[in-house]
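J.: Before we start, here is the structure in question, set down as structure tokens.
The values are calculated or read from the model by the stated rules, or taken from the named source; none is laboratory data. Fair warning: this is a prediction, and the values are worked out from it, not measured in the lab. Cβ sites come from the backbone with ideal geometry, for glycine too, and all protein chains shown count toward neighbours.
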Amino acid sequence: DAKTTQPPSMDCAEGRAANLPCNHSTISGNEYVYWYRQIHSQGPQYIIHGLKNNETNEMASLIITEDRKSSTLILPHATLRDTAVYYCIVISNNQGGKLIFGQGTELSVKP
Amino acid sequence: DAGVTQSPTHLIKTRGQQVTLRCSPKSGHDTVSWYQQALGQGPQFIFQYYEEEERQRGNFPDRFSGHQFPNYSSELNVNALLLGDSALYLCASSLVGNTEAFFGQGTRLTVV
């Protein structure tokens, strides 16, 4: 699996957009970008994934650069409940669902 | 839908003992994966079960073993517990080959 690099921590004001970056410069053509988050004392929660096109769902948007070497997860209107550790994972869909978590980004949403 | 359920939620064991953790997958899911999460770290993949067989395994010793039952529920067994086995143990379920996994709340194991 491709290695990902994320900033260890970020702050965001409540109501503002939170933009979480992820570098994956060694990503292969068949590898997807997945985002999970883990709120304190809970299990990780799937957010969104994409291959090369930008994706949006009810939780977030995923912007993948044209060369696919980096991506940004966008929470459009962050709330206090979005405070969590966010993990960017690069994986091919033939890996059988084995997730390799890095250290993630600890996002703190402040009032 | 109850989602992924794990039991117990908390457990305290003594070094050298054995422990069994249990997981019921989300309804309709056939694959169960187990992860270990030490304090301040991301989850680490232990192994995955599908069709009652271990399909993939991470870098964990043989003291860690598992089982999947015909109803897709699963157990994680750890023998000869070490202090370093203290962690949050997470179970995740999915459909075979699907990377969108649903996690339980975890079992907090403390070895003293």
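J.: Take B:Thr99 and tell me if it is farther than 15 Å from B:Tyr49 by Cα and either touching a strand residue (DSSP E or B) at 6+ places or on another chain (Cβ under 8 Å) or small (Gly, Ala, Ser) (or both).
T.: Details: farther than 15 Å from B:Tyr49 by Cα: no; either touching a strand residue (DSSP E or B) at 6+ places or on another chain (Cβ under 8 Å) or small (Gly, Ala, Ser) (or both): yes.
Spelling it out, it is not the case that B:Thr99 is farther than 15 Å from B:Tyr49 by Cα and either touching a strand residue (DSSP E or B) at 6+ places or on another chain (Cβ under 8 Å) or small (Gly, Ala, Ser) (or both).
J.: Identify, please: which residue in the stretch A:68-87 is in a loop (DSSP other than H, G, I, E, B) and of a type outside the set (D, E, K, R) and is, among those, surrounded by the most Cβ atoms within 10 Å (Cβ to Cβ)? First the steps, then the outcome.
T.: To start, the set of residues in the stretch A:68-87 that are in a loop (DSSP other than H, G, I, E, B) comprises A:68-69, A:76-79, A:83.
Next, only the ones that are of a type outside the set (D, E, K, R) stay: A:76-79, A:83.
Values: A:Pro76: 13, A:His77: 10, A:Ala78: 21, A:Thr79: 12, A:Thr83: 19.
My answer is A:Ala78.
J.: Quick check: is even one residue across the stretch A:88-98 assigned to a loop (DSSP other than H, G, I, E, B), more than 13 Å from the chain's Cα centre (by Cα) and on the phi > 0 side of the Ramachandran plot? Please lay out each step first, then the result.
T.: The initial filter retains those residues of the stretch A:88-98 that are assigned to a loop (DSSP other than H, G, I, E, B), namely A:93-98.
Checking which are more than 13 Å from the chain's Cα centre (by Cα) leaves us with A:93-98.
Next cut, on the phi > 0 side of the Ramachandran plot only: A:96-97.
Yes, there is a match, as at least one residue in the stretch A:88-98 is assigned to a loop (DSSP other than H, G, I, E, B), more than 13 Å from the chain's Cα centre (by Cα) and on the phi > 0 side of the Ramachandran plot.
J.: Would the stretch A:67-74 turn up any residue that is closer than 22 Å to B:Ile46 by Cβ, out of contact with any Asp or Glu (no Cβ under 9 Å at 6 or more places or on another chain) and not aromatic (Phe, Trp, Tyr)?
T.: Of the stretch A:67-74, the ones closer than 22 Å to B:Ile46 by Cβ are none.
Looking through the stretch A:67-74, none of the residues is closer than 22 Å to B:Ile46 by Cβ, out of contact with any Asp or Glu (no Cβ under 9 Å at 6 or more places or on another chain) and not aromatic (Phe, Trp, Tyr).
J.: Out of B:Gly42, B:Gly58, B:Gly84, which single residue is touching a Phe, Trp or Tyr at 6+ places or on another chain (Cβ under 6 Å), on the phi < 0 side of the Ramachandran plot and surrounded by fewer than 18 Cβ atoms within 10 Å (Cβ to Cβ)?
T.: Details: B:Gly42 fails: surrounded by fewer than 18 Cβ atoms within 10 Å (Cβ to Cβ); B:Gly84 fails: touching a Phe, Trp or Tyr at 6+ places or on another chain (Cβ under 6 Å).
None of the other options fit; the residue is B:Gly58.
A quick yes/no check of all residues on (1) over 19 Å from B:Trp34 (Cα atoms); (2) of a type in the set (A, V, I, L, M); (3) at pLDDT below 95:
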site: A:Cys22; (1), (2), (3): yes, no, no
site: A:Ser28; (1), (2), (3): yes, no, yes
site: A:Trp35; (1), (2), (3): no, no, no
site: A:Gln42; (1), (2), (3): no, no, yes
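J.: Does A:Ile91 fit the bill of being at pLDDT 95 or above and hydrophobic (A, V, I, L, M, F, W, C)?
T.: Values: at pLDDT 95 or above: no; hydrophobic (A, V, I, L, M, F, W, C): yes.
Considered against the rule, which asks whether it is at pLDDT 95 or above and hydrophobic (A, V, I, L, M, F, W, C), A:Ile91 comes out as no.
J.: Scan the stretch B:82-112 residue by residue and report those that are of a type in the set (Val, Ile, Thr), within 13 Å of chain A (Cβ to nearest Cβ) and farther than 18 Å from B:Gln44 by Cβ. If you could, list the steps in order and put the result at the bottom.
T.: Of all residues in the stretch B:82-112, those of a type in the set (Val, Ile, Thr) come to B:96, B:99, B:107, B:110-112.
In the following step, the residues that additionally are within 13 Å of chain A (Cβ to nearest Cβ) were identified as B:96, B:99, B:107.
Result: B:Val96, single match.
J.: So which residues in the stretch A:37-63 are in contact (Cβ under 8 Å) with a residue 12 or more places away in the chain, away from every other protein chain (no Cβ under 13 Å) and among the polar types (S, T, N, Q), if there are any at all?
T.: Scanning the stretch A:37-63 gives a single hit, A:Ser61.
J.: For residues that are under 17 Å from B:Ser24 (Cβ atoms) and assigned to a loop (DSSP other than H, G, I, E, B), scanning just the stretch B:72-81, find the one that is nearest to the other protein chains (Cβ to nearest Cβ).
T.: First, pick out the residues of the stretch B:72-81 that are under 17 Å from B:Ser24 (Cβ atoms): B:72-77.
Of the ones still in play, those that are also assigned to a loop (DSSP other than H, G, I, E, B) are B:72-73.
Numbers: B:Tyr72: 14, B:Ser73: 17 Å.
Among those that are under 17 Å from B:Ser24 (Cβ atoms) and assigned to a loop (DSSP other than H, G, I, E, B), it is B:Tyr72.
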